[in-house]
1. At a threshold of 8 angstrom on Cα-Cα distance, excluding pairs fewer than six apart, so keeping six or more, what relative contact order does chain B reach in percent?
2. Using a 1.4 Å probe, what is the accessible area per residue for the protein assembly as shown, in Å²?
3. Looking at chain B as a GNM with Cα springs under 10 Å, which of B:Leu80, B:Leu101, B:Leu187 has the largest mean-square fluctuation?
4. On a 1.4 Å probe surface of the protein chains, which of A:Glu215, A:Glu114 comes out largest in accessible area, and what is the full order?
5. Round to a whole number: what % of the accessible area of chain B belongs to carbon and sulfur, probe 1.4 Å?
6. Report, as an integer, the average count of C-beta atoms from other chains found within 10 Å of each Cβ along A:171-178.
7. Given springs between every Cα pair under 10 Å in a Gaussian network model of chain A, which of A:Asp193, A:Asp104, A:Asp156 has the largest fluctuation?
8. Take chain A, connect every pair of alpha-carbon atoms lying under 10 Å apart with a spring to form a Gaussian network, then pick out the residue of A:Val59, A:Val77, A:Val153 with the largest mean-square fluctuation.
Protein chains: 2
Amino acid sequence: MTSVTSVISVAGRNPDDGDRPVPARRPGGRSARVRARVLDAVRVQLVEHGYDELTVDAVAARAGVHRTTVYRRWRDVGGLLADVLDTAGDDDWRPEDTGDLEGDLAALNREVQEALTARPSVTAALIAASFRSAEAADALRRFWADRYTRCEVVVDRAVRRGEVPEGTDARRLLVAATAPLYHHLVLLRMPPDPRLPGHAARSAALAASAGAFAEP
Amino acid sequence: MTSVTSVISVAGRNPDDGDRPVPARRPGGRSARVRARVLDAVRVQLVEHGYDELTVDAVAARAGVHRTTVYRRWRDVGGLLADVLDTAGDDDWRPEDTGDLEGDLAALNREVQEALTARPSVTAALIAASFRSAEAADALRRFWADRYTRCEVVVDRAVRRGEVPEGTDARRLLVAATAPLYHHLVLLRMPPDPRLPGHAARSAALAASAGAFAEP
């Protein structure tokens, strides 16, 4: 399950793959298979060794492809990171529908918390990399913009149920609900607080129902 | 004016120094003067060239002190960054008292926004550096912990005025109020929204008065 921040588990596996045998060939032809192998290698290299050891050569070696293939297609580390993030958006992720706004926001926040505290966390490593690579920063912005857009349905549903006023600004509400998680974990670097996803959801939902996000 | 995030203007000047003549000698004896010169050099080097060109040698050259002096006292770049942040906490900064909770939070958020969008922004450069240096990350955590502690008086005053319930968790409320600014500017890297400091203050104050931060 990917979230508003989660950018795919390492090596492209889904958590529910469990003991299922991994298919020997990926779908999509040779070019798609090379891309998948290279992007897997970027994720693994990034979480295992950090940005400082993320080089085109290391990625090529890990993926078992020729370095010129990587240079030709991705040019540099920025291009590789941007493609990891762009690929992460190629899924059908949608926010959970729990039946009320606070529940929807809490579910979203639990996904954010899981993505940021996974060991290893590709999400955390990509956020760190975004301070090094302008291309990664741009790709991360695109990725989050897409995730927040997909989450707008949460607010639409709340408006239809009469939980929050018409004209509630979905983006502002979603940022208010999720920002404390990022602040706590990524910037303040505090240990995860299991109550925070629910707390942050509740305070944002209360503010929203009081009309805080429906003002000009 | 330094804020919950602002970590000193470049070269240690205060904004209100204006045209006042800069004293030829800093107070505090030779050792304090060397420290001030070296930490100024760290801030300037960091905002002008970024972490990648922040080396002990570059700092020593810029400060006009011998490199062994810097190595002996600060050991490495992590030690220098940690001292910049620790020094930033040696001030008498207190949050503004505007007479009500929303106003106090908005004033705080305006300081956060100013610190993060200043050109150059030492704060933004130090946040970026905290993803490279564990010592800088620890020092930033200490700095913020101290700033949030100083801001607890904002919540105490609101409790006394009856604006929010007894037992309101000051830290949670302060994080909820300020986090959207950091999220918007540092992680989402969006252009500053002049209404965001007030908006984020208003939604946190509304949630607080509805008891969102007073729950177990």
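1. Rounded, it is 24 percent for chain B.
2. About 46 Å² of surface per residue is accessible.
3. B:Leu187
4. Descending accessible area places them as A:Glu114, A:Glu215.
5. Carbon and sulfur atoms account for 50 percent of the accessible area of chain B.
6. Across the residues of A:171-178, the mean count of other-chain Cβ atoms within 10 Å is 5.
7. Answer for the Gaussian network model of chain A: A:Asp193.
8. The residue with the greatest mean-square fluctuation here is A:Val153.
The values are calculated or read from the model by the stated rules, or taken from the named source; none is laboratory data. Worth saying up front: this structure is predicted, and the values here are computed from it rather than measured. Here Cβ is always computed from backbone atoms with ideal geometry, including for glycine, and neighbour counts include all displayed protein chains. Calculation scope for accessible area: heavy atoms of the full protein, side chains included, ligands and nucleic acids excluded. Shrake-Rupley method; radii C 1.70, N 1.55, O 1.52, S 1.80 Å.
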